[in-house]
Amino acid sequence: MAALGLQDNEMRVPEPESPKIAISKEKLMGEVRRTIEKEALEGIKSLSIVVIGHVDAGKSTLMGHLLYALGRVGDKKRIANERASEKLGKASFSWAWELDGTQEERERGVTMDVAIQSFTTPHRRFTVLDAPGHRDFIPKMISGASQADCALLVVDAAAGEFEAGFDRGGQTREHLVLVRSLGVSQVVVAINKMDQVSWSRQRYEEIMGLLQTFLMQTGFAVQRIQFVPVGAMLGVNLVDTNQPEAEALRKWYSGPTLADLLDVLTPPPRLIESPMRLPLTNVFRGQTSVASGIAVSGRLSSGIIQVGERVSVLPGDETAVIKIIEVEEESVPWAAAGSSVTLYLSGIDPVQLGIGTVLCPPSDPVPLASSFVAQIVVFDIQVPIIAGASVELFHHSRDIPATVTKLLATVERSNGTVIKANPRVLTKSVSAKIQINIRTSTMSGQAARAMPIPLEPFHVSKELGRILLRRNGETIAAGIVLEVLD
Amino acid sequence: MKLINKHIAKDHSGHVTLRPEEDEDMWHLYNLIQEGDLVRAPAIRRVTNVSSTGSTDSQRLRLNLTLTASKMHFSPAAAPSSGTAGTSTSTGASQGASLSISGPVQSQHANVTMGAYHTLDLEPHRDVRIIKEEWDSVSLDRVAESCKEGRGADVGAIVCGEGTAAVCLLSEHMTVIRQRIDVPIPRKRTGSATMHEKGLARFYETIYASLLRHIPFSSLRVVIIASPGFVKDSVYDHIFAEATRTGNKALLQARNKFLRVHISSPHVHSLVEALKSPEASITAQLKETKFAREGIMLDRFFKMLGSDEMRAWYGPEDVLLAADRGAIGTLLISDELFRASDPAVRKKYVQLVESVQGKGAEVLTFSSMHESGQQLNQITGIAAILTFPLDVDIVKAEEAAHKAALEEEQAAAEEEQ
């Protein structure tokens, strides 16, 4: 009897109720391809863009105004933001409030975390990531930039302000180097606050010259850099130059507007055939009745997913089932590489999920590494890197302490030939092969085992193979993973 | 720690009796006692007697045992780690640091056979006698240092970022992470930031609770709240808003002890950065403490490495070479090197320290229980700032060429000493 009862129980233990997988992988792949081809015929492409630049360059204001000008934000919302910001005595931040949603950001007038929004131009569907410019929030900016296909750099044209951002230690410089290191190759430069220099053509060209040289040094191809003068507060040259304030600009500028430039950006090829990889940027609890339970969001860096699929959650030994897929707040049956998605999961404890977790198919998991070999390019640093240096390792949205355990060799940047094996130090602008270990804290007693993180060698996956190293609030090196050791 | 008794003969052998009083003293003892030393301390041992009828009877006896230290284990009072997510509030054992020493018993005793293994758990306020065959200068310095009065430079620190925090206590030789806090904070999303704000509120509450539980602010000199961005201000504001709301007078009175310091990353290793930061009055209040000096010196070493690579050397072989040439201005050495189980290795480092000190240079022994010591350990545990530039490669080449000559020189130098 007991045995029978037990068996009965066992049989009743249900798999977490999973929505049926609608179609097989092959069929789905076919459908994805057809959709992409159809969109290509219509000339509509989707891509994600990260907005970068020095603090107070006007990134959020520019985005807020652009969203309004493109009809994404209604008048009602705009008036509400204007009123509320005036009440706080921060009327000049009213446009930015559309993106700076938290109370703290609004009170301080500083973007502190990436805001994700979407808008469309006639031929493009954009996911926009409005990154914080303040140097303390660069980890957040890296998280945003690693989800982007291209970048919109906002610089402040006002006297002294551009220079502050562009000089050593300014974020204009650092952000550009970071996005390039993370694989972004297209950049639109919006030269903002032109109204404060009375739309001076000379100033515009001066800044353009300086930036062009630097961009090319950083590794952007000249034909993939575009410049545009704008006045974000007044809304000048975002979608048109019909504003009365823009008269001075119209005299000498008749080129494309910001929206025109965005409309012709080309998305990189999407890796829909590769195994699915989804690094998470946010974990939260869904609060609507349709979409309740544990929600995660991120950008699908490769592969395709569909509702009902079971996914592995790494690091960890758990799997979850996808209940709902949302893209731009619409429920969809499937999503392909390149899209920013929100997934609602079932059959998993939220403790297993965190920012930086990677979702992948159980059949094709991402290797976990606590020690790996990387090839890095050292940036312009004052204190050289030595074996044993403590650094912070950035990989997608993850930020963890690590140690450079071995300096294996300095190498030629272009072909990887060894210049010197076992160098004593790495000074600025050399390329090198190094071994990095995730750091454990032995200070609190027993050396806890290092928590491995999901990483893939660059030749396997470009998206999951890029790393950044920072130290004392400064980015010291960028690199790619060559080999996962442990 | 109190020095109860000290007897050291001309040949440097002898014994020292110490009475540990606080957590840090356990750390000193851990560094003093080496494998092979004799340790005498009170112990509790279960003794089984078999009577003539065959019935057994076991008793717990308090004995004084002397044993040869063969294995040591030190654990600070700390929370080792916490889960990856979830409102983890893992706390360490409430008692302080502990040190256990095991080895064969060396004293004759009615109830314990010679050579039987025992593990001594050293306890505060119980005398412990250490008998060494050789008390070297490093050990004696440590005894002197550990018995200095009024060295309690106790500092509390909360190193935090958005959603993560480490609550630490720093004393002269130890940094103990009392609690790691990891509260998941959903990031802001289009249209709604309520979940983000709820998460933040929960995070601040957890920090406040942890502060009350783990930081004895009334007895500390300073409490540092360090973070990148604005978290430190929010945490500070929240703490005192809560203290005012709940009428926590002790906390409100300690308000002037709280310092907010800007650091560049939310990880615990930023403590070094916080401790040497000029923006707070930290340096004035804590300049004389060991951890501040360590942090500053390590920083100076790294800066030297950047500005004049030939004057910043690290690694045991290199530093020994530099010492031979009398080039060392400041020697940075980790206490971990003195804990080497091989006496010859320890002797090598002791001699290095003595010779460098003999030349009038500064020697700083880093505690590997501090973050700065951990960082020094990662770069081999030994480093030196030289008084004049020397090229490592040239020195090494010369070394190879004149090896024989140098050996003679070394022998001569040793004779001189």
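The values are calculated or read from the model by the stated rules, or taken from the named source; none is laboratory data. The structure presented is a predicted model; accordingly, all values stated were derived computationally and were not measured. Reconstructed Cβ throughout: ideal geometry from the backbone, glycine too, with neighbour counts over all protein chains shown. Side chains included, ligands, DNA and RNA excluded: accessible areas come from the protein's heavy atoms. Shrake-Rupley method; radii C 1.70, N 1.55, O 1.52, S 1.80 Å.
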- Rounded to a whole number, the Stokes-Einstein D of region A:279-417 in µm²/s (Kirkwood radius over Cα pairs; 20 °C; 1.002 mPa s) is 124 µm²/s
- Task: Rounded to the nearest 100 Å², what's the accessible area chains B and A bury against each other, both chains counted, probe 1.4 Å?
- Result: 4600 Å²
- Per-residue ³J(HN,Hα) for region A:294-305, Karplus 6.51 cos²θ - 1.76 cosθ + 1.60, θ = phi - 60°, Hz, x for Gly and Pro: 7, 10, 10, 9, x, 10, 5, 7, 7, x, 10, 10
- Note on the structure: By the mean-Cβ-within-10 Å protection proxy, highest first, B:394-401, A:51-58 rank as A:51-58, B:394-401
- Specify the longest stretch of chain A that does not include any exposed loop site, a site being one of the GluC sites (Glu not before Pro) with a non-H, G, I, E, B DSSP assignment and at most 11 other Cβ atoms within 10 Å. A:18-328
- Query: Leaving out ligands, DNA and RNA, what percent of the accessible area of the protein assembly as shown is carbon and sulfur, probe 1.4 Å?
  - Reply: 50 percent
- Item | Radius 11 Å from Cβ of residue B:381, net charge of other residues (Lys, Arg +1; Asp, Glu -1) | -1
- If you wrap region A:368-484's Cα atoms in a convex hull and average its projection over all directions, what's the area in nm²? 7.3 nm²
- Pairwise FRET efficiency - residue B:256 versus residue A:400, Cβ, R0 = 35 Å, nearest 0.05: 0.50
- In angstroms, what radius of gyration and Dmax does chain A have, counting Cα atoms only? 24.0, 93
- Message: If R₀ is 30 angstrom, what is the calculated FRET efficiency for the pair residue A:86 and residue A:210, using the beta carbon separation as r and rounding to 0.05?
- Response: 0.25
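Can you tell me the FRET efficiency between residue A:421 and residue B:393 if r is taken as the Cβ-Cβ distance and R0 is 22 Å, rounded to the nearest 0.05? Intermediate values should be presented prior to the final figure.
Working: r = 14 Å, r/R0 = 0.63.
Using R0 = 22 Å, I get an efficiency of 0.95.
Give a quick list of trypsin sites (Lys or Arg not before Pro) in region B:198-300 that DSSP marks as loop, anything other than H, G, I, E or B, with at most 16 other Cβ atoms within 10 Å.
Qualifying residues, ordered by number: B:221, B:287.
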- Note on the structure: Taking N as the residue count of region B:326-374, its alpha carbon Rg divided by 2.2 N^0.38 Å gives 1.16
- Shielding by partners, peptide A:101-108 (average Cβ within 10 angstrom, other chains): 5
- Go from 0 up to the bin containing the longest alpha carbon distance in region B:292-396, width 10 Å each, and give me the % of pairs per bin. 16, 52, 30, 3
- Note on the structure: Sorted by chain and number, the residues with a modelled amide H under 5 Å from that of residue B:66, at a separation of 5 or more or across chains, are B:106, B:107
- At q = 0.09, 0.11, 0.12 Å⁻¹, the log10 of I(q)/I(0) for region B:2-146 from a Debye sum over equal Cα scatterers comes to -0.36, -0.51, -0.59
- Query: What dipole magnitude, in Debye to the nearest 20, does region B:292-396 give about its Cα centre under +1 on Lys/Arg Cβ and -1 on Asp/Glu Cβ?
  - Reply: 240 debye
- Under the helix-only model (-39500 (n - 2.57) for each DSSP H run of 4 or more, divided by the residues of the protein assembly as shown), the mean residue ellipticity at 222 nm, to 500 deg cm²/dmol, is -9000 deg cm²/dmol
- Message: In Å², and per residue, what accessible area does region B:1-77 have when probed at 1.4 Å with the other protein chains present?
- Response: 52 Å²
- For A:479-485, mean number of other protein chain Cβ atoms within 10 Å: 0
- Task: Calculate I(q)/I(0) for chain B by the Debye formula, one identical point scatterer on each C-alpha and no solvent, and give its log10 at q = 0.06, 0.09, 0.10 Å⁻¹ to two decimals.
- Result: -0.33, -0.69, -0.82
- Relative contact order [Cα under 8 Å, 6+ residues apart], region B:155-287, whole percent: 25 percent
- Item | Mean accessible surface per residue for chain A, computed with a 1.4 Å probe while every protein chain stays in place, in Å² | 42 Å²
- Result row for chain A, helices from DSSP H with C-alpha axial extent 20 Å or more and mean Kyte hydropathy at least -0.5, is A:201-218
- Query: Who wins for biggest fluctuation among B:27, B:135, B:313 in a Gaussian network model of chain B, springs between alpha carbons below 10 Å?
  - Reply: B:135
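If you take every residue apart from residue B:38 with its C-beta less than 14 Å away from the C-beta of residue B:38, what net charge results, scoring Lys and Arg +1 and Asp and Glu -1?
Surrounding charge for residue B:38 is -1.
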- Under 12 Å from the residue A:287 label point (7 Å along Cα→beta-carbon), backbone N, region A:325-365: none
- Once Rh is set to the Kirkwood radius over Cα pairs, what Stokes-Einstein translational diffusion coefficient, in µm²/s, holds for the protein assembly as shown at a temperature of 4 °C and a viscosity of 1.567 mPa s? 42 µm²/s
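Taking 0.36 nm per residue of sequence separation and subtracting the Cα-Cα distance, how much length would be gained by fully extending the chain between residue B:71 and residue B:415, in nm to one decimal? Mind showing how you got there, number by number?
Numbers: separation 344, 0.36 × 344 = 123.84 nm, distance 3.57 nm.
Gain in length upon complete extension: 120.3 nm.
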- Task: At q = 0.08 Å⁻¹, work out log10 I(q)/I(0) for region A:43-264 with the Debye formula, treating every Cα as an identical point scatterer and leaving solvent out; two decimals please.
- Result: -0.25
